[in-house]
1. Out of Glu66, Glu131, which single residue is out of contact with any strand residue (DSSP E or B) (no Cβ under 7 Å at 6 or more places or on another chain) and either open to solvent by less than 40 Å² (accessible area, probe 1.4 Å) or charged (D, E, K, R) (or both)?
2. With (1) farther than 23 Å from Pro133 by Cα; (2) crowded, with 21+ Cβ neighbours inside 10 Å; (3) out of contact with any strand residue (DSSP E or B) (no Cβ under 6 Å at 6 or more places or on another chain); (4) not charged (D, E, K, R) as the list, and Ala191 as the residue in question, which single condition is left unmet?
3. Suppose we keep only residues that are out of contact with any Ser or Thr (no Cβ under 7 Å at 6 or more places or on another chain) and within 16 Å of Leu147 (Cβ to Cβ) within the stretch 175-188. Which one would you say is surrounded by the fewest Cβ atoms within 10 Å (Cβ to Cβ)?
4. Given the structure, is Leu33 of a type outside the set (D, E, K, R), surrounded by 14 or more Cβ atoms within 10 Å (Cβ to Cβ) and in contact with a Ser or Thr (Cβ under 8 Å, 6 or more places away or on another chain)?
5. Going through Ala78, Ala27, Ala20, Ala49 one at a time, which residue ends up being touching a strand residue (DSSP E or B) at 6+ places or on another chain (Cβ under 9 Å), of a type outside the set (D, E, K, R) and either over 30 Å from Ala256 (Cβ atoms) or touching a residue at least 12 places away in the same chain (Cβ under 8 Å) (or both)?
6. From the list Val160, Val125, exactly one residue is out of contact with any His (no Cβ under 6 Å at 6 or more places or on another chain) and under 22 Å from Thr283 (Cβ atoms). Which is it?
7. Counting only residues that are β-branched (Val, Ile, Thr) and either touching a helix residue (DSSP H, G or I) at 6+ places or on another chain (Cβ under 7 Å) or without any contact (Cβ under 8 Å) to a residue 24 or more places away in the chain (or both), how many does the stretch 230-255 have?
Amino acid sequence: MTLLDGKAVSQKVLDECRLALGPLIAAGITPGLAVVLIGNDPASRAYVANKVRTCGQLGMYSRKIEMPATATQEEVMATVRELNDDPAIHGILVQSPPPPQIDEAAIVRAIDPRKDVDGFHPDNVARLTMEDPAAFVPCTPLGCQRLLLEYNIPTAGAEVVIIGRSMIVGKPLALLLMAKGKGGDATVTVAHSRTKNLAEVCRRADILIAAIGRPGFVTADFVKEGAVVIDVGINRVADPAAKNGYRLTGDVDFDAVAPRCSFITPVPGGVGLMTIAMLMSNTIRAARP
């Protein structure tokens, strides 16, 4: 069993970002990322802090916009419109999930597709579906694909099962892995809460990807011998022994599943780091003239 080391691969992506930044900055362009945080959710705060910190480490410009949990739809829309018009901002990200009074889909549609570095705008989703290389692809699926590529795990002809059908991970990742070319050409099944005989379906997979937000859901009986397992889940589980009172765990029961795998991602240290690295890469791409 080999760990798919998100720390090492994300560092490689960030090194590529530094190389790409040189010519842009020399040309007077500093890629800028704006992150809008609505409310005080601790996990969202941590994610935003990581994104802002990574921008600083790379020498990119970042702007964190904090809005109260009571913010109205129009206030958030107005903020997005201002960022759309700001030439210093090349990428816009509204941290998910927002408070319940906010229509998240409407916010996503309001973002200029050219600044949609999260890849959720309908224009970018359509481009991904059409295999248009101009598409901005959601960062977590992109990070999963990059891990497979870095470890030379073949996807062409492979049977892939993705547990989870969200627009954040499941659907765009299926499109990526089905697309023609390097890192694609897979046969993909998207499973979900209504899938019958889920464990049996998952046991067919050469590559099994869990993205459902349920800690330890994937157990050994979901995994065939020698499969590749990518755990997208990042769940906070209460742990009185931990300094913060919780620990992070994935959607996969790592200790039970790892002995059956050829490759597996750890949590933490796997896909989460890749997501931030791919966000930086997308922002730099958005800044190119």
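The values are calculated or read from the model by the stated rules, or taken from the named source; none is laboratory data. Keep in mind that this is a model prediction, so the values were computed, not measured. All Cβ positions, even for glycine, are placed from backbone atoms using ideal geometry, and neighbour counts span all protein chains on display. Just the protein is used for accessible areas: all its heavy atoms, side chains included, with ligands, DNA and RNA removed. Shrake-Rupley method; radii C 1.70, N 1.55, O 1.52, S 1.80 Å.
1. Values: Glu66 fails: out of contact with any strand residue (DSSP E or B) (no Cβ under 7 Å at 6 or more places or on another chain).
Testing whether each residue is out of contact with any strand residue (DSSP E or B) (no Cβ under 7 Å at 6 or more places or on another chain) and either open to solvent by less than 40 Å² (accessible area, probe 1.4 Å) or charged (D, E, K, R) (or both) leaves just Glu131.
2. (3)
3. From the stretch 175-188, those out of contact with any Ser or Thr (no Cβ under 7 Å at 6 or more places or on another chain) are 176, 178-182, 187-188; that's our starting set.
Right, trim to within 16 Å of Leu147 (Cβ to Cβ) and you get 176, 182.
Details: Leu176: 23, Lys182: 10.
If we take residues in the stretch 175-188 being out of contact with any Ser or Thr (no Cβ under 7 Å at 6 or more places or on another chain) and within 16 Å of Leu147 (Cβ to Cβ), then Lys182 is surrounded by the fewest Cβ atoms within 10 Å (Cβ to Cβ).
4. Yes; evaluated as a whole, the condition is true for this residue.
5. Ala49
6. Among Val160, Val125, only Val125 is out of contact with any His (no Cβ under 6 Å at 6 or more places or on another chain) and under 22 Å from Thr283 (Cβ atoms).
7. Qualifying residue count, the stretch 230-255: 4.
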